[in-house]
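Data block below; observations after.
Where a number appears in this text, it was derived from the coordinates with a stated rule and is not lab data. All of these numbers come straight from a predicted model, not from anything done at the bench. Every residue, glycine among them, receives a Cβ derived from its backbone with ideal geometry; neighbour counts consider all protein chains shown.
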2 protein chains.
Amino acid sequence: MPQVKVFITLKPTLLDAQGRVIENALGALGYDNVKQVRMGKYIEMEVQGDTPRVEREVREMCDRLLANPVIEDYRFEVVE
Amino acid sequence: MPQVKVFITLKPTLLDAQGRVIENALGALGYDNVKQVRMGKYIEMEVQGDTPRVEREVREMCDRLLANPVIEDYRFEVVE
């Protein structure tokens, strides 16, 4: 069954508060060479169907449920 | 500056409650061909340094802060 990996990130123009917190915490641990931390979501799932159908349906799932298209971008990979 | 992508997932033996909720919600929307949904975290960041140093430091950051090694697995990619 095709394995799908979905990556959801905040749109680049939006302030990523979680990313800032992580960046500050890493700085406090001594990692001051880390910049531009962005925190997102990662979803793995198995989707039955041929690849064109899976791609079409996963795009729909992202638009309808998994991502918020107003503030988030998404991309996904289908692995046979 | 090298771009790092970190993927953090619950260990496979643990029940992923968020993943189950997403699977049920997708089923309710008519996508009953989706199984084994696992929800994780995705972190993008820029880390200054040569690749061996970046890889070593990112592994440390995951062990010390980004992931909980007791219940989570992580992997990462360094893109020059």
- Determine the sum of side-chain charges near B:Tyr42: Lys and Arg each +1, Asp and Glu each -1, restricted to other residues whose C-beta is under 10 angstrom from that of B:Tyr42. +4
- For labels at A:Thr51 and B:Glu72 in the simple 7 Å Cα→Cβ model, what's the distance in nm? 3.2
- Query: Of A:Asn68, A:Gln48, A:Leu15, which is farthest along the charge dipole of chain A in the positive direction, counting Lys and Arg as +1 and Asp and Glu as -1 at C-beta?
  - Reply: A:Leu15
- Share (percent) of C-alpha pair distances in chain A greater than 20 Å works out to 45
- Message: Quick check: the angle from helix B:17-28's long axis to the longest principal axis of chain B, C-alpha only, nearest 10 degrees?
- Response: 50
- Note on the structure: note: the protein assembly as shown, Cα-Cα separations exceeding 20 Å make up a percent value of 53
